[in-house]
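Trainee: Take a look at the following structure, please.
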Amino acid sequence: MQELMLLKDAAAIKALAHPLRLHLLEQLIAAPASVQQLAEQMNEVHAKLFYHVKELEKNGLVEVVGEKIVNGIVERFYRATARTFYLGQAVGKLVPGEQTVADAVQFDLLRQHRQQELQIDNRSVARNLVRNSLQLQPGAKVVLEGASYQFELLDAMLLECRLVGAEAFIRLMNSWQLRQMLEEMSIEQLAQAPPLTTLLSGQSDYWVSFDTIADASIFADCDPAKVDALVEGDLQAYRLGPKRFAAVEIGYPTPEHATSLGVDYGVLHDLFWQAISVDSAELRNLGETLADQLSSKPCVKLASEHGTQLEFCLSKAQEIVINDGVLDQSKVSATQLVDLTLPGGQVLLVPEPGTLTGCLAIDQRLLRGVCVRHIRLHFVAGQLAAWEAGTGKAELDALFTQLENPLRVTQLSLGLNPAVNRMTGYKLLDPVVPNTLGVQLGSTSTGANSDFAIPYWYYSKEIAIV
């Protein structure tokens with residue numbers, strides 16, 4: 001029996017659409033059984049269960065693990081082929097009905113896994129996000145932006161907002177919707193500030209965005225001018241708003257994220273839910289200990305066995321900031337698009353300008369749908385001086401040459417969330433992996449008059465303070 005199995009075939013997904021088959025699979029995950037034993041346990045007709053078990057077997061969801069002869073008849077014993085099943089995008093294009101079935105079964109399986117194996121549920125996480133992370137007060141107005149796949153947690157947060165006297169509005173958004181906009185709208189239309197987005201940004205106190213761009217590769221062949229116009233249109237909406245809202249980005253991953261990164265979705269799913277459930281007080285204590293260690297050194301040296309070697313002085317003007325998963329309203333910036341990223345668990349520090357020198361080694365980074373591997377970034381006096389890549393260097397060249405030069409290091413981060421035990425390449429989980437170093441390169445957003453900074457982060461693993 002495997003621990004995890006990712007289902008991508010439409011027939012296997014449809015086989016689980018029947019509630020009785022789902023119940024049978026649950027029984028056979030718990031323990032092997034014959035059809036006769038299942039019939040007795042579930043008080044069902046043998047012939048009926050035999051048909052459904054054979055359908056599960058045909059689609060690779062259960063397997064025969066033993067036989068014995070009872071009254072001259074061979075009785076076969078079946079067992080599930082995995083302890084946990086995850087549903088990914090099927091091979092080929094699913095018709096809408098099949099996709100709906102796939103989503104429904106996916107939700108059920110993941111919910112059961114979270115509750116029984118991880119001991120985590122949507123309501124408890126939503127309650128913590130609303131009352132602890134955001135610390136919402138009565139009268140607060142909140143926009144919750146995410147994809148349909150994330151709707152269960154969005155829906156739970158909507159209810160928790162109302163329970164504390166705040167009110168939330170759910171805005172569904174996904175990468176395929178943006179793709180259609182890029183194909184069918186003109187540059188002029190895309191560059192205009194969307195009226196509802198402008199209204200919401202101007203009237204909201206909080207804008208909570210789930211990571212909805214699951215597969216950046218779908219934009220790879222889009223007109224770059226249209227992509228720039230789309231970004232500019234949204235930035236215009238934020239700038240036109242009469243007041244500043246607190247922006248929060250939550251890294252809820254999807255199977256599409258996992259596919260693009262070449263990572264098992266079960267791993268990505270569990271890392272997120274465990275990381276976002278870590279107590280903020282524990283993260284605060286870990287962060288304060290690390291901050292004290294860094295502050296005690298006149299010159300900080302960081303290194304890894306993978307090739308990272310960096311040296312810098314800490315800024316005397318900027319204090320070390322701890323992301324413990326709680327939004328500090330006093331730190332909400334007038335120029336940054338994101339004031340808090342979740343899951344929490346990192347310290348953020350600023351190097352003294354012109355002091356950072358050395359090499360940053362990165363395993364992989366997803367750029368425009370291409371996974372760039374074995375990256376080396378070389379810094380001199382706080383600026384990016386040269387770069388290398390084992391694969392995908394053209395994508396790295398294209399990014400760095402189109403940005404404003406020289407690119408300078410504006411911020412560093414060190415991860416410390418104890419629930420995340422590995423790097424996956426996912427941009428909102430890697431920053432909180434313990435002993436992971438993040439380096440932010442400074443640039444400005446698309447548009448000559450933009451005053452919002454767009455950060456470009458790169459992460460290196462297994463860093464030690466020398």
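Trainee: Show me the ranking of peptides 188-194, 430-436 by mean Cβ neighbours inside 10 Å, starting with the highest.
Mentor: 430-436, 188-194
Trainee: Separate question: Around Leu414, what is the net charge, scoring Lys/Arg as +1 and Asp/Glu as -1 over all other residues with Cβ under 14 Å from its Cβ?
Mentor: Net of charged neighbours comes to -2.
Trainee: Moving on to the next point. What is the packing order of peptides 321-328, 287-294, taking the mean over residues of other C-beta atoms within 10 Å and listing the highest first?
Mentor: So the peptides 321-328, 287-294, ranked by packing, come out 321-328, 287-294.
Trainee: Now for a separate question. When P(r) over Cα pairs in 20 Å bins from 0, in percent is calculated directly from the model, which label among [x] 23, 54, 23, 0; [y] 21, 47, 27, 5, 0; [z] 21, 52, 23, 4, 0 fits?
Mentor: [z]
Trainee: Can you return the aspartates and glutamates within cross-link range of Lys68? Criterion is Cα-Cα under 18 Å, with same-chain partners fewer than 8 residues away left out.
Mentor: Answer for Lys68, where 18 Å is the Cα cut-off: Glu40, listed by chain and number.
Trainee: Taking H as built 1.01 Å from N, whose amide H comes closer than 5 Å to the amide H of Asp9, not counting residues under 5 places away?
Mentor: Here Val91 satisfy the definition.
Trainee: Now for a different question. I need the shape label for region 140-204. Rule: rounded when a/c is under 1.5, else prolate if a/b > b/c, else oblate, with a, b, c from the alpha carbon gyration tensor.
Mentor: oblate
Trainee: Roughly how big is the chain's charge dipole about its Cα centre, with Cβ charges of +1 (Lys, Arg) and -1 (Asp, Glu), in debye to the nearest 20?
Mentor: In total the dipole reaches around 240 debye.
Trainee: Here is a further query. Using a Cα-Cα cut-off of under 19 Å, which lysines could be cross-linked to Lys14, ignoring same-chain neighbours fewer than 8 residues away?
Mentor: Within the straight-line limit of under 19 Å, Lys14 reaches these lysines: Lys48, Lys54, Lys58, Lys93.
Trainee: Give the long-range amide H neighbours of Glu145: residues separated by 5 or more places, or on another chain, with amide H under 5 Å away, using H modelled in the peptide plane at 1.01 Å from N.
Mentor: Arg171, Val208, Ser209, Phe210
Trainee: Of the beta bridges DSSP finds with both residues in the chain, what % are antiparallel, to the nearest 5?
Mentor: So the antiparallel bridges in the chain amount to around 70 percent.
Trainee: Between their Cα atoms, which of Lys297/Lys461; Lys141/Lys427; Lys297/Lys393; Lys226/Lys427; Lys393/Lys461 are more than 26 Å away from each other?
Mentor: From Lys297/Lys461; Lys141/Lys427; Lys297/Lys393; Lys226/Lys427; Lys393/Lys461, over 26 Å: Lys141/Lys427; Lys297/Lys393.
Trainee: Hey, another quick one. List the residues, sorted by chain then number, that are 5 or more residues from Leu407 or on another chain and whose placed amide H is less than 5 Å from its amide H.
Mentor: Long-range HN contacts for Leu407: Leu384.
Trainee: Next question. Given the peptides 371-377, 252-258, 224-230, 38-44, arrange them by the average over their residues of other C-beta atoms within 10 Å, most packed first.
Mentor: Result, highest mean Cβ count within 10 Å first: 252-258, 371-377, 224-230, 38-44.
Readers should treat all values here as calculations from the given coordinates under stated rules, not as data from a laboratory. Fair warning: this is a prediction, and the values are worked out from it, not measured in the lab. Positions of Cβ are generated from backbone atoms using ideal geometry, with glycine treated the same way; all protein chains shown enter the neighbour counts.
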